[in-house]
Amino acid sequence: MKSSHLAFLWGIIFLTLTAVQAFLISKTGRCSCINVSGTKIQKKTIQKLEEFAPGSSCSRTEIIATMKNGEKKCLDPDSLHVKILVKMWKEKENKKKKPRTGNKKQQTKKAKKIKKAQHPSPGKTT
């Protein structure tokens, strides 16, 4: 009887330790990038560039480039080449977000039409 109680106790301890370990692993999280690419990447081959700041799931900055062929590469955020690439990418994205004011020729044509409509046309008087 004592051996069955002892086996039961060891089973409970084992399950408790396994649950605690799983909780700690999920709490610390994981980084998406295990290895970073040291090779230079041309801007024209990139489809999307994502920058992830350090947070609860990962303690370091991660930069992930999605290439036009679908491949994802982790870039070294401390590399000068990558810093320049990220800066250029952000400038490109900011230009896309700015609303366009329209073509100046179209605006002047509309203004002329309005001016013509405002003036009374000389017509026949009776």
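For the stretch 31-43, the set of residues classified as assigned to a loop (DSSP other than H, G, I, E, B) and more than 17 Å from the chain's Cα centre (by Cα) consists of Ile34, Asn35, Val36, Gly38, Thr39, Lys40, Ile41, Gln42, listed by residue number. For the stretch 27-51, which residues satisfy the criterion of being surrounded by 11 or more Cβ atoms within 10 Å (Cβ to Cβ), modelled with pLDDT under 90 and aliphatic (A, V, I, L, M)? Scanning the stretch 27-51 gives Val36, Ile41.
Every residue, every condition in (1) in contact with a helix residue (DSSP H, G or I) (Cβ under 8 Å, 6 or more places away or on another chain); (2) surrounded by 10 or more Cβ atoms within 10 Å (Cβ to Cβ); (3) at positive phi, yes or no:
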position: Ser56; (1), (2), (3): no, no, no
position: Ser59; (1), (2), (3): no, yes, no
position: Ile64; (1), (2), (3): no, yes, no
position: Lys68; (1), (2), (3): yes, yes, no
position: Asp76; (1), (2), (3): yes, yes, no
position: His81; (1), (2), (3): no, yes, no
position: Ile84; (1), (2), (3): no, yes, no
position: Lys96; (1), (2), (3): no, no, no
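The values are calculated or read from the model by the stated rules, or taken from the named source; none is laboratory data. As the structure is a prediction and not an experimental result, all values here were calculated from the model. Backbone-built Cβ (ideal geometry, glycine too); neighbour counts: all protein chains shown.
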